[in-house]
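> First the structure, which I've put down as structure tokens, then a few questions once you've had a look.
The values are calculated or read from the model by the stated rules, or taken from the named source; none is laboratory data. Everything quoted here is computed from the prediction, not taken from an experiment. Reconstructed Cβ throughout: ideal geometry from the backbone, glycine too, with neighbour counts over all protein chains shown. Ligands, DNA and RNA are excluded from the accessible area calculation, which covers all protein heavy atoms including side chains. Shrake-Rupley method; radii C 1.70, N 1.55, O 1.52, S 1.80 Å.
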Amino acid sequence: MYSHNRRTFVRFGLGGLAAALMRPSSALATAPAAASAKAKACIVLFMHGGASQLDTWDPKPGRDTGGEFRAIRTALPGVRVSEHLPLLAKRMRKIAVLRSLTSREGNHERARYLMHSGYPPQGGVVHPSLGSLVASSRDPGALPGYVSVAGPGQGAGILGAQYAPFVVADPTGPVKNLKLARGVDDERLRSRVAMWRRLEGRYSARVGGPEVEGHRAIVEQALAMMGSPELGAFELDSEPDAVRRPYGPTPFGQGCLLARRLVESGVPFVEVSLKGWDTHENNFERVKKLSAELDAGMSALLDDLEGRGLLESTLVLCVGDFGRTPTINARGGRDHFPKIAAAALAGGGIRGGQVIGETDADGMEIVERPIAVPDLFRTLAGLVGLDPEETRMSAAGRPLTTVDGGSIIDGLT
Amino acid sequence: MPEGLFGGRHRLRRGVGAVGALAVLAMCSNACRRESGETTVAGVAAEARPPGAPPEGQARTSAGPTEAPEAELSPFDRALTAAWGAAGVEVAPTVDDGEFYRRIALDLTGSVPSAEDAARFIDDPAQDKRERLVDALLASDDYARYWAEVYASLLLGQALPTQKKIRAGMVDWLEGQIASGRPYDEMVADLLTATGDFSGGQEAGYLLVRGRQKQVEALAGATARIFLGVQIECAQCHDHPYYDQYKQEDFFRFAAYFGRTQVRQAKKDKKNKKDKGEPPVITVKERRRGEVHVPLADGSPGVVVEPAFLGREVEAAEGETRRETLARAIRGSDLLAKAAVNRIWSTMLGRGLVEPWDDLVGENDASHPESLRLLAESFATSGYDQRALLRQIALSPAYQRSAAGADDQGAAARVFARAQVRPLSAYQLFGSLAAATGLGESDRPNYRRMVEERRERALAQYVFTFVDDEMAEAESFAGNVPQALLLLNGELSNAGVRERAGGTVAAARALAEGEGGEAAAIEALYLSAYGRRPDAEETSAALEFIRAYGGGVQGKQGKQGKQSKQGKPAKKAAQAKAYEDLHYALLLSSEFVTNH
């Protein structure tokens, strides 16, 4: 399983260290999946907790279920969104909105699992997240293939720990533990690592299995990162203020900027979480604040990617755990509502300027084109260059396809 | 690979297994409504075996002298080992003594054993040494402390940073309960029925954290999942998507048990600065009134529902509060023991007898394997004695499998015929680093506290807290690149290996100067990291590594001649570096960072 990753031949030395490490070896051809993909990279903006679709992408002004917010016009005639998304409203020609995403998972953990992997949780097998699938389909670089900013993301399951998300808790802070410890120089590290590799080789032969190979791979990935020039992507301070400011001063906004910089540095999958959408009480005050963060961050991201010629090759998806109830509870909140959620897509292969799916006047039912999560994942898989029918063996010895059922969302791409 | 230790695996005969496998399939399709919902079915096949047939797969090696003879196997062990034959997998040999000690120490106390303890155990000729070891660990303070942490994470999830003191109070309470051997069912009742003022929070922390912001629904969902293994909260928004038997009304009727509960945390007196260090006080009251409604689709409150236990009426006894009725119903349910043994089994072996451990589908569901039923029965019969349960698991044939040879895509591990390799939890990893480097071995309380604080700080970087009502228990720590960076460059591992008085490297270097020479030093490092001695090949590889640094005992001729001209201090420094670097490599390795 673990053959010779080129990182096995790593040379250290802070000067030529990274260059020697990371120059793609000619023996490794670019993975075919990545070559044909419309979207070379993917950025997911994850609305952690489950965003209220009625107070963002699918407003119901004038109805009891519509709540306090007004709806505003967008660049798309006849299409309205919440008054608290004014910047995104102006960019609607780039964006495709899904208003009829539906699932059965009303528990955060289960829903997040589904929204990250396309599969509901099932005993006995851990499905890889989309980010891990994309990471595994691309040639490894100095930076991990899946970076999750301001949230935990989701693991690689059967693919192995080497494709698990690299979690950056604070996008504005430095990545921790990248510098050699006191009293350790390159030569010492080289010597330590040489001995460690011998130990790993032996243990792998004696015990082996995915956990052992996974540990070996993540340590090699960490070594490859140390001292690589691509680490500069994490230094947001090097961006001019004029670029930085539109993203907003929040962890989410700056996370969106980091996502753009990581994609530029060759990271194929970045997830940025915006937490706090679990608005069981005080929904409107909280959603207003969160909307401002989303509006600034996502708008700046789309503009910035477009300005750099990256939007066409970068798929941007905004989605969360699930939707929220049309009924407003006694605490001024909205509860979990997996039956209907909204999502927004732009960039890499997406036909922007459209709304797909429709809900009824109160947002209680889907009246047109229900979209199941596997439909979304089948569509995404095609865009990022994954074969939806590719089969992998689970640890349980059961074959798993990239996507389970579903059909491509007609007209979205 | 040393023959005798990890060689000689036994392939089991197939045969009777076929019937069992079919039975298993049939049960799956009946019971698991989830798409291909897979259940660990070890033990279901037991009944397919001809009566009196000896369980197969009692793979013996020289290293397994303490396993019980077949005749002494409990019905639970017989059910489980029978499934090995049915599954037609290779049964891993019995784990050898050193690895057994490391594994059980991690599982019972959250840390690897010291090198001295490991050596003493390996060299102990007694036949019953594994039993005695398990008993000794279960009697230790570290056991109560570690399991209090495990339970606190289960009960509170990843508590918010603002609830650190509540968590600490809960850990204190749990530690006392666990140390005194309080029966599990009584502990559960205490958690659910807590009423009055609780200084430091104590057991009332459960009601506060899980039911915060008056969320009766969240508290009900957590209670059903944690104590009964039923994920009834899925029925909160609609009839349950997977369990036919639970309707939305059943969820709210379960929630109604908490409908009259009022939990408050006393507000701090901000003017009084002394108040800062004061423990939090939680006050729990049971009101006379308070109803739970099933919300209607149009947003109106809907009908008031009376409490009911998973769709079943339970009559309240005279003067009983709603929570007391719930506690009584839970203690009367077989799911209490099933969920507990399945969770503890999963904690000890890496996966539950039913997976996931907290999804037992429904009361008296047919998908429960025989092994789960038997283990739950013996737990209940013991009076919900957790020590007895842990002891039974630790000494079971399934727990004592080796992890070697995990090249069958996990087929053997799935039926517990081979130990599963698992990453250490953050708690286990930091505790083990402290133990293996000697950082945690100080008797000075100040020093220990410093190590503890450093551990907590490091932990805090990697454990995410979620601001959700369900409070996920996940930690984003094990097995990822940030963890690898922490091990490579972090303070704990680098400071840990540095030579200093009382540390492991200093002790090893002292041995190198003595009779045993370098081999004794290498052995000490292996024992502290892996709890076992190196084999001949490992020793010679390590020797080669150390001698390459020069300045060693052998370093007076040939290649090392150059260094020998250096003064004694330079030699010493080179040797110190060599042992530090070897120690470092061992601590970075898979064998150290996993439980196996």
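> Report, as an integer, the average count of C-beta atoms from other chains found within 10 Å of each Cβ along A:106-112.
Neighbouring Cβ atoms belonging to other protein chains average 6 per residue here.
> Next question. Determine how large the accessible area of B:Thr321 is when every protein chain is in place; take a 1.4 Å probe and give Å² rounded to the nearest 10.
40
> Shifting gears a bit: Could you give each residue of segment A:207-212 its phi-based ³J(HN,Hα) in whole Hz, using Karplus coefficients 6.51, -1.76, 1.60 with θ = phi - 60°, and x for Gly or Pro?
So the J values, rounded to whole Hz, are 10, x, x, x, 5, 5.
> Can I ask one more? Give me the accessible area buried between chains A and B, both sides summed, with a 1.4 Å probe, in Å² rounded to the nearest 100.
6400
> Something else now. Please work out the FRET efficiency for the pair A:Arg331 and B:Arg182, using the Cβ-Cβ distance as r and a Förster radius of 41 Å; give the result to the nearest 0.05.
That gives a FRET efficiency of 0.65.
> Taking a ≥ b ≥ c as the square roots of the eigenvalues of the Cα gyration tensor of chain A, is the shape rounded (a/c under 1.5), prolate (a/b larger than b/c) or oblate?
Note, shape of chain A comes out prolate.
> Right, another one. Modelled label-to-label distance, B:His293 and A:Asp237, 7 Å Cα→beta-carbon offset: nm?
Distance between label points: 5.6 nm.
> Between A:Gly276, A:Gly201, A:Gly266, where does the largest GNM mean-square fluctuation fall for chain A, given springs only between Cα atoms within less than 10 Å?
Result for chain A, Cα springs under 10 Å: A:Gly201 fluctuates most.
> Cβ neighbours within 10 Å, averaged per peptide: list A:136-146, A:167-177 in order, most packed at the top.
For the peptides A:136-146, A:167-177, the packing ranking is A:136-146, A:167-177.
> Could I have the simple spin-label model distance between A:Arg308 and B:Ala573, label points 7 Å from Cα toward Cβ, reported in nm to one decimal?
The two pseudo-label positions are separated by 4.6 nm.
> Using θ = phi - 60° and the Karplus form 6.51 cos²θ - 1.76 cosθ + 1.60, what ³J(HN,Hα) does each residue of segment B:583-595 get, whole Hz, x for Gly and Pro?
So the J values, rounded to whole Hz, are 4, 4, 4, 5, 6, 8, 7, 4, 5, 7, 7, 10, 9.
> Take peptides A:399-412, A:207-220 and line them up by average Cβ neighbours within 10 Å, highest first, as a rough protection proxy.
Answer by packing, highest mean first, reads A:207-220, A:399-412.
> Here's a follow-up. Taking the Cβ-Cβ separation of A:Arg245 and A:Lys179 as r and a Förster radius of 22 Å, what is the calculated FRET efficiency to the nearest 0.05?
In this case the efficiency is close to 0.15.
> Could you calculate the contour length gain from A:Ser36 to A:Glu264, that is, 0.36 nm times the residue separation minus the distance between their Cα atoms, to one decimal place in nm?
Fully extending the segment from A:Ser36 to A:Glu264 adds 80.2 nm.
> A further question on this structure: What does the structure give for A:334-341 when I average, per residue, the other chain Cβ atoms found within 10 Å of the residue Cβ?
3
> Here's another thing I want to ask about it. Using modelled backbone amide H atoms (1.01 Å from N, in-plane), which distant-in-sequence or interchain residues come within less than 5 Å of A:Gly332's amide H?
Close amide H contacts, sequence-distant or interchain: A:Asn282.
> Could I ask something else about it? Please list, in chain and number order, the residues 5+ apart from A:Arg324 or on another chain whose amide H is under 5 Å from its amide H, with Hs placed from the backbone.
It is A:Gln53, A:Leu54, A:Phe337, by chain and number.
> Would you mind computing, in nm to one decimal, how far apart the modelled labels at B:Ala266 and B:Asp172 are, each placed 7 Å from Cα along Cα→Cβ?
Taking the two extended label points, one gets 1.3 nm.
> Once Lys and Arg get +1 and Asp and Glu get -1 on their Cβ, which of B:Ser140, B:Val91, B:Gly201 lies farthest toward the positive end of the dipole of segment B:71-222?
About the Cα centre, the residue reaching furthest to the positive side is B:Gly201.
> Sticking with this one: Count, for each residue of A:146-158, the Cβ atoms from other chains sitting within 10 Å of its Cβ, then give me the mean as a whole number.
Across A:146-158, the average partner-chain Cβ count within 10 Å equals 2.
> Now for a separate question. Count neighbours as other Cβ atoms within 10 Å of each site's Cβ, and list the GluC sites (Glu not before Pro) in segment A:337-400 that are DSSP loop with at most 16 such neighbours.
Loop-located and lightly packed - A:Glu365, A:Glu389, A:Glu390.
> Please state the shape class of segment A:137-235: rounded when a/c is under 1.5, otherwise prolate if a/b exceeds b/c and oblate if not, all from the C-alpha gyration tensor.
Verdict is oblate for segment A:137-235.
> How large is the helix-only mean residue ellipticity at 222 nm for chain A, computed as the sum of -39500 (n - 2.57) over DSSP H runs with n ≥ 4, divided by its residue count, in deg cm²/dmol to the nearest 500?
-9500 deg cm²/dmol
> Shape verdict for segment A:40-104, please, from the Cα gyration tensor: rounded (a/c under 1.5), prolate (a/b greater than b/c) or oblate.
oblate
> Could you give me the ³J(HN,Hα) list for segment B:513-521, computed from phi with Karplus coefficients 6.51, -1.76, 1.60 and θ = phi - 60°, whole Hz, x at Gly and Pro?
6, x, 4, x, x, 4, 4, 5, 5
> Evaluate E = 1/(1 + (r/R0)^6) for B:Glu513 and B:Thr539, where r is the Cβ-Cβ distance and R0 equals 30 Å; express this FRET efficiency to the nearest 0.05.
In this case the efficiency is close to 0.95.
> Long-range amide H contacts for A:Val272: which residues qualify at under 5 Å (H placed 1.01 Å from N, peptide plane, sequence gap of 5 or more or a different chain)?
Excluding prolines and chain starts, which carry no amide H, the hits are A:Val44, A:Leu45, A:Phe46, A:Val149.
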